[in-house]
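The values are calculated or read from the model by the stated rules, or taken from the named source; none is laboratory data. Since the structure is predicted, the reported quantities are computational estimates derived from the model, not experimental observations. Because the Cβ atoms are built from the backbone with ideal geometry, glycine has one as well, and the counts that use them run over all protein chains shown. Only protein heavy atoms, including side chains, enter the accessible area calculation; ligands, DNA and RNA are left aside. Shrake-Rupley method; radii C 1.70, N 1.55, O 1.52, S 1.80 Å.
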Amino acid sequence: MVTTGTAPHSPDLARLLDDHRPQGPAETADLARVRTRADAPDAWDRSTPLHFTGSALIVHPPTRRVLLRWHVRQQAWLQVGGHGDPGESLPLDIALREGLEETGLTDLTPWPDAALVHLAVVPVPASPVEPAHEHADLRFLLATDTPDDARPENPASPLEWLSIEEAKQRTTEENFRETLDRAARLLA
């Protein structure tokens with residue numbers, strides 16, 4: 001794999017959404033809801049009640065395992081990902097940066113290609129510094145050739161390599177189980 005800092009041909013948000021084919025009524029409704037936000041100047045601004053985030057399920061294709069991260073705020077085992085930094089607006093680039101920051105894996109690359117795998121609007125509970133809001137989470141698959149190099153960014157956010165079935169049992173989020181099902185079909 002090639003070490004990736006920026007994805008070659010990372011599409012902008014509007015094109016990514018235009019090219020995505022939703023699977024099922026929930027994703028179809030989510031896509032219709034967020035499509036109008038794609039051209040808004042504050043589409044990635046975390047101060048808005050609904051904003052975009054970029055995330056990725058990291059996979060190791062030879063072993064068909066996936067990497068999960070404990071998210072303290074969500075109190076759930078999920079994929080890596082998060083908000084765009086100021087000036088960032090390319091979803092895949094955000095997912096790649098977040099993947100590197102949260103796992104230390106330097107060889108992450110889109111797998112099997114750079115297509116959006118899943119779009120899910122997810123509720124985020126209020127915190128002492130933010131009101132409750134929603135993420136329009138754009139999910140990709142990223143692969144690594146060096147799974148043993150994964151290191152958590154902090155002790156409160158451990159990482160764990162699991163089979164798809166183990167990951168589905170570990171997570172409490174139904175929308176993430178759908179992401180895992182889609183990854184399973186591609187890894188088969």
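Observations
- Fully extending the segment from Asp19 to Asp149 would add 43.5 nm, taking 0.36 nm per residue of separation and subtracting the current Cα-Cα distance.
- Within the chain, helix-based [θ] at 222 nm, where runs of 4 or more DSSP H residues each add -39,500 (n - 2.57), nearest 500: -8000 deg cm²/dmol
- Take every Cα pair under 8 Å whose residues are at least 6 apart in sequence, average their separation, divide by the length of the chain, and the relative contact order is 27 percent.
- For the range 126-178, applying the loop criterion from DSSP together with a ceiling of 15 other beta carbons within 10 Å to the trypsin sites (Lys or Arg not before Pro) yields no site.
- Using a simple spin-label model with pseudo-atoms 7 Å out from Cα toward Cβ, Ala40 and Ala156 lie 2.9 nm apart.
- Once the Cα-Cα distance is subtracted from the 0.36 nm per residue extended length, the Glu101 to Glu88 segment shows a gain of 3.2 nm.
- Each pair of Cα atoms in the chain enters the Kirkwood radius, and Stokes-Einstein at 10 °C and 1.306 mPa s then converts it into a translational diffusion coefficient of 96 µm²/s.
- The accessible surface of the chain, taken with every protein chain in place and a 1.4 Å probe, is 54 percent carbon and sulfur.
- For the range 17-99, average projected area of the Cα convex hull in nm²: 6.9 nm²
- Cα pair distances in the range 100-188, grouped into 5 Å bins until the bin that holds the longest one, percent each: 3, 11, 16, 21, 26, 14, 6, 2, 0
- Residues of the chain: accessible area per residue with a 1.4 Å probe, Å²: 47 Å²
- Summed over all non-identical Cα pairs, the Kirkwood treatment of the range 68-152 gives a radius of 13.9 Å.
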